[in-house]
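Okay, structure first, notes after.
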Amino acid sequence: MTVELAMHDGVATIALNRPEVRNALNLEMCEALIDAVAKTKEARLVFVRGNGPVFCGGADVKERTGKTEQWIRERRLKAFAAYEALEALPMPCVALVHGAAIGSGCEIAAACDFIVATPDAVFRTPEAQRGTVGATQRLPRILGKRLAKDLMFTGRDLGAEEARQAGLVSRITSNLEAERDEIQKAILKAAPLALKLAKRSIDQGIELDPKGAREAEIAAIEEQLASGQWMGKP
């Protein structure tokens, strides 16, 4: 099972589960990740993490040996679909990152709403160094294009503290489990519809001008008022 899904009391935990190869992302894992995301519809909160010593060591390059250009193209599109499935979740989705998040690992973490990382976490986008193209969409929006280019062109590590200062990581903790529990407690206390609409407003608004962003928030307010859940609880 390349991806594990656990559901408990409204909380879904999606775990990348190829620890023997540092959770390298292969085609099977892409498909399993899409399937796991689809099964979280009833969840109020989703965590994404990696089993074993690292979050995700990147794409499984050995998988590509002997494959055709068409296979490689379809494999990349499947990975994009997995990232986009995470990004499109309506409820809060939090990445819990320890160790390395490389290439595809960066993409998976960045597709979540925010990242909690351990002090030893490192982020790297070595695609150009390896002669491929990838990780060019989300990170420039999060880090700014200059830092994103620095990372892409040189393949250097972005440590946890630098990642926090740059806005990729929200929190650094030496106790990932305790931090997860605190986040879970806080989010489950909030009204689900309010969280859903706030997330949608932020995600839409960041792509719009100030007027459009304001209209997106007004639309969310109107939707909540119509639901009868203004200042309401679940």
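The values are calculated or read from the model by the stated rules, or taken from the named source; none is laboratory data. Computed from a prediction, not measured in an experiment: that's the story for all the values here. All Cβ positions, glycine included, derive from the backbone under ideal geometry; neighbour counts span all protein chains shown. What goes into the accessible areas is simple: the full protein's heavy atoms, side chains included, and nothing from ligands, DNA or RNA. Shrake-Rupley method; radii C 1.70, N 1.55, O 1.52, S 1.80 Å.
Of note:
- Among the residues of region 177-191, those identified as free of Cβ contacts under 8 Å to residues at least 24 places away in the same chain and not in a loop (DSSP other than H, G, I, E, B) are Glu177, Ala178, Asp181, Glu182, Lys185, Ala186, Lys189.
- Checked against the criteria, Ala194 counts as assigned to a helix (DSSP H, G or I) and farther than 28 Å from Pro53 by Cβ.
- Some residue of region 166-176 being under 19 Å from Pro92 (Cα atoms), touching a strand residue (DSSP E or B) at 6+ places or on another chain (Cβ under 9 Å) and part of a helix (DSSP H, G or I): yes
- Total residues in region 1-33, condition modelled with pLDDT under 95 and acidic (Asp, Glu): 1
- Residue list for region 47-59, filter: buried (at least 21 other Cβ atoms within 10 Å of the Cβ) and either over 16 Å from the mean Cα position of the chain (by Cα) or over 19 Å from Leu195 (Cα atoms) (or both): Arg49, Gly50, Val54, Phe55, Cys56, Gly57, Gly58, Ala59
- Filtered residues of region 123-149 (kept if more than 21 Å from Glu207 (Cβ to Cβ), of a type outside the set (Gly, Ala, Ser) and surrounded by 15 or more Cβ atoms within 10 Å (Cβ to Cβ)): Phe123, Arg124, Thr125, Pro126, Glu127, Thr132, Lys149
- Considering region 178-190, the residues that are within 18 Å of the chain's Cα centre (by Cα) and charged (D, E, K, R) include one that is nearest to Arg44 (Cα to Cα), namely Arg180.
- Test result for Arg44, open to solvent by 10 Å² or more (accessible area, probe 1.4 Å), within 14 Å of the chain's Cα centre (by Cα), closer than 23 Å to Glu179 by Cβ and at pLDDT 95 or above: no
- Just one of (1) in contact with a Ser or Thr (Cβ under 7 Å, 6 or more places away or on another chain); (2) more than 23 Å from Arg44 (Cβ to Cβ); (3) open to solvent by less than 60 Å² (accessible area, probe 1.4 Å) fails for Pro119. It is (3).
- Residue count, region 150-190 (criterion: open to solvent by less than 30 Å² (accessible area, probe 1.4 Å) and on the phi > 0 side of the Ramachandran plot): 1
- Screening region 203-234 for residues that are assigned to a helix (DSSP H, G or I) and among the small types (Gly, Ala, Ser) and picking the one that is most open to solvent (accessible area, probe 1.4 Å) gives Ala226.
- Every residue from region 117-164 that is within 19 Å of the chain's Cα centre (by Cα), closer than 18 Å to Ala100 by Cα and of a type in the set (Gly, Ala, Ser): Ala117, Ala121, Gly134, Ala135, Ala148, Gly159, Ala160, Ala163
- Filtering region 191-202 to residues that are buried (at least 18 other Cβ atoms within 10 Å of the Cβ) and over 19 Å from Ala43 (Cα atoms) leaves only Ser201.
- Arg200 vs. criteria touching a strand residue (DSSP E or B) at 6+ places or on another chain (Cβ under 6 Å), among the charged types (D, E, K, R) and assigned to a helix (DSSP H, G or I): no
- Whether a residue is in contact with a strand residue (DSSP E or B) (Cβ under 9 Å, 6 or more places away or on another chain) and of a type in the set (Val, Ile, Thr) was assessed, and Val133 does not pass this test.
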